[in-house]
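Notes to accompany the following structure.
The values are calculated or read from the model by the stated rules, or taken from the named source; none is laboratory data. Remember, it's a predicted structure, so these values are computed and weren't measured experimentally. Don't worry about glycine lacking a Cβ; one is built from the backbone with ideal geometry, like all the others, and counts go over all protein chains shown.
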Amino acid sequence: MPTQKRAFLLLPFVVALVLSSRTERSHRTLETRTNMDDSLNFDTLAVRSGTARSDFNEHSEAIFLTSSFVFASAADAAVRFANSEDNFTYSRFTNPTVSMFQDRLAALEGGEACMATASGMAAIMSVVMSTLQAGDHLVSSQALFGSTLGMFSQIFSKFGITTTFVDPTDLDAWQNAVRPETKMFFLETPSNPLTEVSDIAAISKIAKAANAVFVVDNCFCSPALQQPLKLGADVVMHSATKFLDGQGRVLGGALVGSKKFIMEKVFPFVRSAGPTLSAFNAWVLLKGMETLSLRVDKQSANALEIARWLETHPAVNRVFYPGLESHPQHALAMRQQKSGGAILSFELKGDTPEQMRANAWRVIDSTKICSITGNLGDTRTTITHPATTTHGRVTPEARAAAGISEGLIRLAVGLENAGDIRSDLERGLAS
Ligand SMILES: *Cc1c(COP(=O)(O)O)cnc(C)c1O
């Protein structure tokens with residue numbers, strides 16, 4: 001048969017294929033397996049949940065680097081824009097890779113829905129701006145990540161949202177701070193850098209009675225160690241930059257909560273304001289979450305070993321680590337968390353603040369393995385001097401009141417051999 005005739009015979013198939021792919025594909029979102037059995041265990045969900053496949057049936061999740069999506073017709077575009085939360089129209093609203101990240105994190109936190117954001121701070125901005133308005137009042141832990149403290153005390157106050165800061169471990173302080181206009185409670189536990197542990201279930205009861213949305217920043221534990229929604233929190237906030245990525249590569253954030261809260265409050269805000277997570281970062285985070293519990297369990301075991309050793313060291317005044325029996329909220333921490341976590345701090349001896357600072361800086365500068373950096377939750381151990389870095393902008397009086405002395409060092413323990421990290425610290429401690 002002549003070549004031309006053969007090609008002609010194929011033509012109907014080609015036309016049918018093009019037509020079918022045009023109608024079929026354009027009406028199809030990704031095949032999804034996100035409604036996974038709730039009885040599956042955390043480790044299975046970390047690897048399997050949220051995965052959705054395109055028509056190519058790729059095994060590993062695809063990165064959809066596209067700002068927008070095309071429609072089969074004007075009518076199709078109209079339908080999809082009207083239901084933008086369930087469709088892919090524009091990546092400021094929704095994106096397939098970001099959706100997979102959201103579904104996986106929702107599964108790990110035991111929440112109905114998740115909204116991803118560009119960073120942890122974007123998540124805090126989104127939860128506050130989507131929920132509160134001028135005249136509303138917030139009750140927050142005083143032991144906060146520095147930028148969160150800045151947002152509450154300097155940014156939101158400009159828009160008429162006021163904050164009362166309380167000692168996070170004092171239940172009466174939470175109760176006494178409630179006013180008729182209180183609409184939100186905000187908590188970090190364990191706190192940074194002193195690892196104070198607050199009772200999520202008890203604070204959630206006070207928040208419920210006050211009709212306030214209870215937000216818990218779960219960065220320090222990650223869902224591998226603590227699931228605040230199961231203890232009564234309404235919303236879990238994440239800096240995905242920390243343990244979820246776990247390898248210090250990308251910025252990201254998220255809010256997890258009920259479908260009603262996330263879709264009716266948070267989604268319309270993020271969709272319009274645009275603090276959206278990029279598809280590339282979502283993909284990096286999806287891969288990070290697959291090894292989350294392996295990493296966090298090992299990093300916590302390393303942290304416990306180092307904390308026990310530091311506690312017996314003659315150059316060390318005190319060690320702050322929830323996994324130690326000497327920690328004031330040890331029993332609560334062991335109830336609320338799977339382990340003490342990967343972050344600890346310790347205070348060096350010294351007769352004066354100047355001497356304590358000199359000792360702390362000497363230990364930090366003598367390390368050859370630990371990275372001198374403010375990030376945490378990384379596979380690599382990081383070491384910081386809170387008084388002159390993360391808490392450097394806090395007044396000396398406020399720092400002293402919070403118990404952050406010049407001799408304090410924070411260690412976010414990584415995956416290196418714990419003995420090697422001990423030797424790295426011992427060099428400065430012994431000199
Ligand atoms: C890092 C961090 C944040 C902010 O997250 P970014 O991703 O840096 O914006 C908020 N809370 C805690 C406890 C953090 O450690």
- Message: Please return the ranges of helices (runs of 4 or more DSSP H) entirely within region 277-342 where 2 or more residues are hydroxyl-bearing (S, T, Y).
- Response: 292-311
- Task: State whether one or more residues within region 178-197 are away from the ligand (no atom under 16 Å from the Cβ), in a helix (DSSP H, G or I) and more than 17 Å from the chain's Cα centre (by Cα).
- Result: no
- Message: Looking at D245, D297, can you tell me which residue is modelled with pLDDT of 95 or more, of a type in the set (D, E, K, R) and under 14 Å from the mean Cα position of the chain (by Cα)?
- Response: D245
- Task: Taking only region 74-96 into account, find how many residues are free of Cβ contacts under 8 Å to residues at least 24 places away in the same chain and not hydrophobic (A, V, I, L, M, F, W, C).
- Result: 5
- Message: Test of understanding: among F88, F101, which residue is in the same structural domain as I262 (by TED's automatic domain parsing), outside any helix (DSSP H, G or I) and of a type outside the set (S, T, Y)?
- Response: F88
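Only one of S222, S198 is out of contact with any helix residue (DSSP H, G or I) (no Cβ under 7 Å at 6 or more places or on another chain) and in contact (Cβ under 8 Å) with a residue 40 or more places away in the chain; which?
S198
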- Item | Among the candidates A106, A143, residue that is buried (at least 21 other Cβ atoms within 10 Å of the Cβ), within 26 Å of T389 (Cα to Cα) and either of a type outside the set (S, T, Y) or not assigned by TED's automatic domain parsing to the domain that holds F261 (or both) | A143
- Note on the structure: Condition set in contact with a Pro (Cβ under 8 Å, 6 or more places away or on another chain) and under 20 Å from L376 (Cα atoms), scope region 277-329, selection surrounded by the most Cβ atoms within 10 Å (Cβ to Cβ): answer is P322
- Could you grab me the full set of residues in region 109-134 that are surrounded by fewer than 23 Cβ atoms within 10 Å (Cβ to Cβ), away from the ligand (no atom under 12 Å from the Cβ) and farther than 17 Å from C221 by Cβ? E112, A113, M129, S130, T131, L132, Q133, A134
- Filter region 343-354 for residues that are loosely packed, with under 14 Cβ neighbours inside 10 Å and part of a loop (DSSP other than H, G, I, E, B) and give the result. D351, T352
- Say whether the condition of being away from the ligand (no atom under 16 Å from the Cβ) and under 16 Å from V216 (Cα atoms) is met by at least one residue in region 83-91. no
- Task: With the condition kept exactly as written, say whether any residue in region 368-388 is more than 16 Å from the ligand (Cβ to nearest atom), more than 17 Å from A301 (Cα to Cα) and over 27 Å from the mean Cα position of the chain (by Cα).
- Result: yes
- Message: For region 217-233, check the following and say yes or no: at least one residue is surrounded by fewer than 23 Cβ atoms within 10 Å (Cβ to Cβ), more than 16 Å from the ligand (Cβ to nearest atom), in the same structural domain as F156 (by TED's automatic domain parsing) and closer than 30 Å to A400 by Cα.
- Response: no
- Query: Looking at A224, is it modelled with pLDDT of 95 or more, part of a helix (DSSP H, G or I) and at negative phi?
  - Reply: no
- Query: Looking at (1) within 16 Å of the ligand (Cβ to nearest atom); (2) closer than 11 Å to L187 by Cα, which is the one condition that is false for G150?
  - Reply: (2)
